[in-house]
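Asker: What follows is a single structure, and I will ask about it in a moment.
The values are calculated or read from the model by the stated rules, or taken from the named source; none is laboratory data. Remember, predicted model here, so these are calculated numbers, not experimental data. In this analysis, Cβ positions are derived from the backbone assuming ideal geometry, glycine residues included, and neighbour counts consider all displayed protein chains. The protein model used for the area step is the full one, side chains on, heavy atoms only, and it has no ligands, DNA or RNA in it. Shrake-Rupley method; radii C 1.70, N 1.55, O 1.52, S 1.80 Å.
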Amino acid sequence: MNTMGSMALQNLDQVELICNLTNDNPLSDFVDPSAACVVDANLARKAGILPFGWDRGVFCVAIARPLTSLGESLLENLGPVRLYRADAIDIVLAQLHVYRHKPNEPSKRFGEIALEDHRITPETLTQALKVQGEAGGKLGQICVSLNALTAWDVTEVLSRQTGIPTVNLLREGPEHAMDPLLHSVWKLMDEKTWRDYEMVPIGVTHEEIVVAIENPFVGDGRAHLSYLAGKRVRGVLTGRRDIEHVLAMHYRHEELMRSRAQLLEQNPEDSAVKTITKTQLVWTAGLVLSLVALMVWHLTTTLSVISSIFVILYAVLVGYRLWIIRKGTMENNEVVITDQELAQLDDSTLPMYTILIPARDEASVLPVLTQALERLDYPKDRLDVKLLLEEDDESTIAAARAAHLPGFIDIVIVPVGEPRTKPKACNFGLQRARGEYVTIFDAEDLPEPSQLKKALIAFRRGDDKLACVQAKLSYFNAEQNLLTRWFTAEYGSWFDLFLPALHASKLPIPLGGTSNHFRTEVLRNLGAWDPFNVTEDADLGIRLTKAGYRTAVMDSVTYEEANSEFVNWIRQRSRWIKGYLQTWLVHMRHPRVLRQKLGWRGFWGFQMSILGTPLMFILNPLYWFITSLWFMTHWQLIPQLFPPGIYYFGMLNLLAGNFVFTYLNAVGAAKQGNWKLVPYTLLTPIYWSMMSLASWKALIQLITRPSHWEKTDHGLVDWQSVHSEAISGAFIKTRSQSA
């Protein structure tokens, strides 16, 4: 007899007989301990019930008398339930066997068992209980986050507490791995569902499926699998990393393919797997041929028109930057989270938060990474940190495994495969994310300790259309040399003026490469990052806007290492600019569609931000060369390129453009509180020449190696000189500037 919800059975003859019990066939032989522990032992005894398994999706419960109101309340949220009749003495004996303690004797708690087994000290237990009292959470996971227990320690303590047998999948592996019956069980649910239920199948017969589970107190997964398979399901205990290992081995190929091709399959028009389409090639070829024909017809007039167009366009871009200065300095354009709001946040309500940290050849920064994560003001048992390491990066993998990383950090090995890009690694890690929200940090990042909480408050303030919250970036080694001073001032103008102004104006925001926080499901549904785009962050910001979502900028800072070496800086900057050009080509495949999705304001904002940024630096050396050529040769063709009105526009670009960009960097540095950097912004034109060099390199690579990822080397700063006190002071300074 199947029943759902509230049950009141007055006649036991209506209930199926479980078996003809004899001394050789006790009720305890029928009981799956992993099913019995779904209901609290003491309450089950009071209600006179004994859950003993799942069969065909139905929760099976033995009773000796009609259900009381307590029994009904215990079973009403457990899905379909089938009741079986048994003698009261047999139920009591089975309860003694399964629950491992006598009636009216309190069951041993997790912490008591861990103490008895000498797995933790009394001091550690006190500390863990204090954390649990303040922030909630499971005691076992708290102990793991404190590095007091391993995940396997938790499994063995739970086994003693519940009587459920264990299986070590890291050592033993699932039985009958090649069994076609087991393969058919895997097919019953997809990878995400197995992960959500925190279980994997390890054995199967024609009558029963055996699954390894992490949490024995929740039975939804076993009930669902039993329903799908039409069989009994029995659970055994294992560790979270054991389950993760089996899932990783089983879905390795599929995960790699999804990390490369999810966006390409879901929305190929948004993928940069092809830099330029056939239609764009035809238009480009037509434009080039038309220009050649016009120059053959009348060279001077054609060059004059082309020059005039570029001068006017440059003037428009300068005006756009002036508007940014006004918008960025006169209005409060970012989401401000107060200390009072942070204090009112109830830690026990905080969800799981995933942090993706892609790292390659980053062994030297692992100690700094660990310190930065430990500083985060967020319950560590609800941190799901994925350290994404490339399979052939043996030195970083070895260093990570030897570093005794905190228990909330999982090392995820990303299989070798093209393209070798950061977004592909992030896509791989995203498939294993357990958090409701997800963010990215680079390995050398030092995020503000309260950043996750601030992002969470920002999301709760907004509606479902707020899909991303971008934190601001700055550098902790700003005064290392002249290059880092320029770089820091530029970041100040970008993250404290430019992006907040775009946010306030409801224009598309090209995201930064780190410290952008997402709703995990939105990110997955959007196809995540484009692994073929070398500025996947900027591209994702545009795709979010096209899909109808919003991005906000919040008053939280992440400190990074400013690139302090010229060649390394050129590699990094040329990749960024190449990615902006890639992004523009991808989203301009269908200009009319883009305009419809972004609106006119968004469409022109896209042109100014994504195309305008690299275009200015590409044009600069051309006009520098023409100006220099005039002073050296007085070639009479040059004045003809600049009709009187255009000439004055060009002069305005030279004077106003220099002033605007110098002033923009100065204001950006001042707004971050880096007043010492302001004098160095007077030398910004030298910095522009470097950016122009990187831009032309980017333009060449866009044609020759569009998806090639030029790795930026980190660890060029002396890490011993980076003191936590100095960083804390920087956070305080930034907060006071925001206030």
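Asker: Would you check if there is a residue in segment 222-231 being over 25 Å from Leu75 (Cα atoms) and either open to solvent by less than 60 Å² (accessible area, probe 1.4 Å) or in a loop (DSSP other than H, G, I, E, B) (or both)?
Answerer: No - not one qualifying residue is present in segment 222-231.
Asker: Specify which of the listed residues (Tyr680, Tyr687, Tyr663) is part of a helix (DSSP H, G or I), in contact (Cβ under 8 Å) with a residue 24 or more places away in the chain and either open to solvent by less than 20 Å² (accessible area, probe 1.4 Å) or small (Gly, Ala, Ser) (or both).
Answerer: Values: Tyr680 fails: either open to solvent by less than 20 Å² (accessible area, probe 1.4 Å) or small (Gly, Ala, Ser) (or both); Tyr663 fails: either open to solvent by less than 20 Å² (accessible area, probe 1.4 Å) or small (Gly, Ala, Ser) (or both).
Going through Tyr680, Tyr687, Tyr663 in turn, the sole match is Tyr687.
Asker: Shifting gears a bit: Output the number of residues of segment 612-642 satisfying the condition of being of a type outside the set (Phe, Trp, Tyr), surrounded by 19 or more Cβ atoms within 10 Å (Cβ to Cβ) and more than 20 Å from Thr684 (Cα to Cα).
Answerer: 1
Asker: Kindly evaluate Leu289 against the criterion of being aliphatic (A, V, I, L, M), modelled with pLDDT of 90 or more and more than 30 Å from Leu497 (Cα to Cα).
Answerer: In short, yes.
Asker: Out of the residues in segment 404-425 meeting the condition of being crowded, with 21+ Cβ neighbours inside 10 Å and small (Gly, Ala, Ser), tell me which one is farthest from Ile357 (Cα to Cα).
Answerer: Checked segment 404-425; the qualifying residue farthest from Ile357 (Cα to Cα) is Gly407.
Asker: Would you point out which residue out of Ala504, Ala489, Ala547, Ala538 is over 15 Å from Cys468 (Cα atoms) and among the small types (Gly, Ala, Ser)?
Answerer: Ala489
Asker: In addition: All but one of (1) more than 26 Å from His245 (Cβ to Cβ); (2) among the aromatic types (Phe, Trp, Tyr); (3) crowded, with 24+ Cβ neighbours inside 10 Å hold for Phe428, so report the exception by its number.
Answerer: Looking at each condition in turn, Phe428 falls short on (1).
Asker: Here are some residues: Ala151, Ala135, Ala212. Which one is in contact (Cβ under 8 Å) with a residue 24 or more places away in the chain, aliphatic (A, V, I, L, M) and open to solvent by 20 Å² or more (accessible area, probe 1.4 Å)?
Answerer: On inspection, the qualifying residue turns out to be Ala151.
Asker: Which count do you get for residues in segment 455-510 that are of a type in the set (D, E, K, R), open to solvent by less than 30 Å² (accessible area, probe 1.4 Å) and either on the phi > 0 side of the Ramachandran plot or not in a helix (DSSP H, G or I) (or both)?
Answerer: The total comes to 1.
Asker: Could you check Glu390 against (1) farther than 28 Å from Gln127 by Cβ; (2) at pLDDT below 90; (3) not polar (S, T, N, Q) and say which number it fails?
Answerer: That leaves (2) as the condition not met.
Asker: What's the number of the condition Ala135 fails, among (1) aliphatic (A, V, I, L, M); (2) more than 37 Å from the chain's Cα centre (by Cα); (3) at pLDDT below 90?
Answerer: Only one criterion is unmet by Ala135, namely (2).
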